[in-house]
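Beneath this line is the structure, given in structure tokens, with notes to follow.
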Amino acid sequence: MTEADVVILGGGSGGYACALRASQLGLSVVLIEKGKLGGTCLHRGCIPTKALLHAAEVADTTRDSEDFGVRATFEGIDMDRVNAYRDGVVGRLYKGLQGLVKSRNVIYVEGEGRLTSPTTVEVNGTTYTGTSVVLATGSYARTLPGLEIGGRIMTSDQALTLDYVPRKVVVLGGGVIGVEFASVWKSFGADVHIIEGLPRLVSGEDEAVSKAFERAYRKRKIDVTTGVRFQSATQDDNGVHVTLENGDTMDADLLLVAVGRGPQTEDLGFEQVGIAMDRGWVLVDDRLHTNVPGVYAVGDITPGYQLAHRGFQQGIFVAEEIGGLAPRTIREIDIPRVTYSEPEIGSVGLTEAQAREQYGADGVSVYEYNLGGNGKSQILATTGFIKLVQRTDGPVVGIHMIGSRIAEQIGEAQLIVNWEAYPEDVASLVHAHPTQNEAMGEAHLALAGKPLHAHA
């Protein structure tokens, strides 16, 4: 079958979610993917990195076991076994996803597709025609001009396949990818130095979270240089030699280039078909339509957060839009964001600075609940806080959290922000004891004017 209601170019989180939902709605679907079904997230991103982070947590727990009265000896990291564990997780999910797509009567085509008109995609010499076309080609790991990837200079793609633990690593970039890899390597026993050109690590987060995160990393003896830009790097048999713009130099076994991800849109025919773009990004309206009728775009190729769950939800949205269900639009700021490091960060909604800019300096109330007062956090031996940002006498518009495992609370946090709950709405809900979830309840009790385990 070469004609369908929907032709989707890209089988990552956005593409396959769109395919599954469109099929569910009774639409005929062609899904085209040049690599493996599941895309970056499943094979080179979210899933494999989180498997490494879990192995890192096991390493840290083993090292610190005596603190909990357990005698265990940390002997080292067997990267072959770590990688086998990671590949097992990815393999099981991949197999499940393949079965799911097959069972939904989606025509799955392996090969590199190219948009040839607003209704056609060519792949492997065959043209597939869709009443609607969805672009979901994802992203790639960026580098800097003049900084060539190869050998000891690598992106997350190569870092994921390492079969040894480096002795010393320089991480260029203090965003989510950079700090997650830094966390893994530190736990595995490497010396790590993060370079971030902006004034603080994880600069997209609320400033209070960002500062607490940097303190935690310094306490873990992860070196951090912020506010200084990278200048150059050379490599030889002995390692990588990095120079910063202020003249500082540092040597390491590896340089991880984690300066963000770019849209994978080059040479795919988008411009030729007349799709409006900006520096490689596909421009869409709030209903994910491009400027070309019948053509939609989802996920990392559209400007905004580059998150698998954003692409996934956008894929569902577009399928429902094509199916005539007129789904509710997704506000970018209300998408939950998680950094899976040690400590973890979870956030949703406006930061304090964004809220004050939007509602005025006096139009915002803020409260920070320290995890020191939370029983489960004491059991886990973690520190951190949950910070609430509220429109004065109005709903909670932002929640920002830091601490071990605290990102597990992002589910309730996004419901609170997306459903525009008031502090008293949440304060009256029962939060099970002893959980870190109680900290969410306590923070809202305090903001509602009735703090129990905290000072007002």
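The values are calculated or read from the model by the stated rules, or taken from the named source; none is laboratory data. Note that the coordinates shown come from a computational prediction; the quantities given were computed from them, not determined experimentally. In this analysis, Cβ positions are derived from the backbone assuming ideal geometry, glycine residues included, and neighbour counts consider all displayed protein chains.
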Study note, to complete from the structure: Of the listed residues (Arg279, Arg220), the one being outside the structural domain of Arg167 (by TED's automatic domain parsing) and either basic (Lys, Arg) or in contact with a Pro (Cβ under 7 Å, 6 or more places away or on another chain) (or both) is Arg279
**Study point:** Only listed residue being of a type in the set (Val, Ile, Thr) and assigned to a loop (DSSP other than H, G, I, E, B), chosen from Thr143, Thr116
**Key:** Thr143
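I'd like the residue in the stretch 287-327 that is of a type in the set (D, E, K, R) and more than 21 Å from the chain's Cα centre (by Cα) and, out of all such residues, is surrounded by the most Cβ atoms within 10 Å (Cβ to Cβ).
Checked the stretch 287-327; the qualifying residue surrounded by the most Cβ atoms within 10 Å (Cβ to Cβ) is Glu321.
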Check your understanding: Going by the structure shown, is Asp253 surrounded by 13 or more Cβ atoms within 10 Å (Cβ to Cβ) and among the acidic types (Asp, Glu)?
Key -> yes
Review point. Which is touching a helix residue (DSSP H, G or I) at 6+ places or on another chain (Cβ under 9 Å) and at pLDDT below 95, of Gly403, Gly441, Gly394, Gly449?
Key: Gly449
Practice item. Mind counting the residues in the stretch 259-309 that are in contact with a strand residue (DSSP E or B) (Cβ under 6 Å, 6 or more places away or on another chain) and among the basic types (Lys, Arg)? Key: 1
Exercise for review: Considering each of Asp163, Asp157, Asp206 in turn, give the residue that is more than 20 Å from the chain's Cα centre (by Cα) and not assigned by TED's automatic domain parsing to the domain that holds Ala55.
Suggested key: Asp163
Check your understanding: Does Leu268 meet the test of being in a strand (DSSP E or B) and either charged (D, E, K, R) or more than 30 Å from Pro451 (Cα to Cα) (or both)?
Key -> no
Review point. Can you tell me which of Ser28, Ser65 is under 30 Å from Ala4 (Cα atoms) and hydroxyl-bearing (Ser, Thr, Tyr)?
Key: Ser28
Check your understanding: Going by the structure shown, is Asn374 buried (at least 21 other Cβ atoms within 10 Å of the Cβ), under 23 Å from Pro451 (Cβ atoms) and among the polar types (S, T, N, Q)?
Key -> yes
Review point. What pairs come up if the first residue lies in the stretch 274-293 and is within 20 Å of Gly262 (Cβ to Cβ), the second is surrounded by fewer than 17 Cβ atoms within 10 Å (Cβ to Cβ) and among the hydroxyl-bearing types (Ser, Thr, Tyr), and their beta carbons are under 9 Å apart, counting only those six or more places apart or on different chains?
Key: Leu288/Thr329
Practice item. Check whether at least one residue in the stretch 391-406 is in contact with a Leu (Cβ under 7 Å, 6 or more places away or on another chain), hydrophobic (A, V, I, L, M, F, W, C) and without any contact (Cβ under 8 Å) to a residue 12 or more places away in the chain, and report yes or no. Key: no
Practice item. Among the residues of the stretch 28-42, write down those that are on the phi < 0 side of the Ramachandran plot and surrounded by 20 or more Cβ atoms within 10 Å (Cβ to Cβ). Key: Val29, Val30, Leu31, Ile32, Glu33, Leu37, Thr40, Cys41, Leu42
Exercise for review: Only one of these is among the charged types (D, E, K, R), outside any strand (DSSP E or B) and at positive phi: Asp393, Asp362, Asp425. Name it.
Suggested key: Asp393
Practice item. Please state which of the following conditions Lys211 fails to meet, knowing it meets all the rest: (1) in a helix (DSSP H, G or I); (2) of a type in the set (Lys, Arg); (3) within 30 Å of Asp80 (Cβ to Cβ). Key: (3)
Check your understanding: Of all residues in the stretch 87-113, which are surrounded by fewer than 19 Cβ atoms within 10 Å (Cβ to Cβ), in contact (Cβ under 8 Å) with a residue 60 or more places away in the chain and at negative phi?
Key -> Leu97, Gln98, Leu100, Arg104, Ile107, Tyr108, Glu110, Glu112
**Study point:** Flag if Gly384 is surrounded by fewer than 20 Cβ atoms within 10 Å (Cβ to Cβ) and either in contact (Cβ under 8 Å) with a residue 40 or more places away in the chain or within 30 Å of Glu66 (Cα to Cα) (or both)
**Key:** no
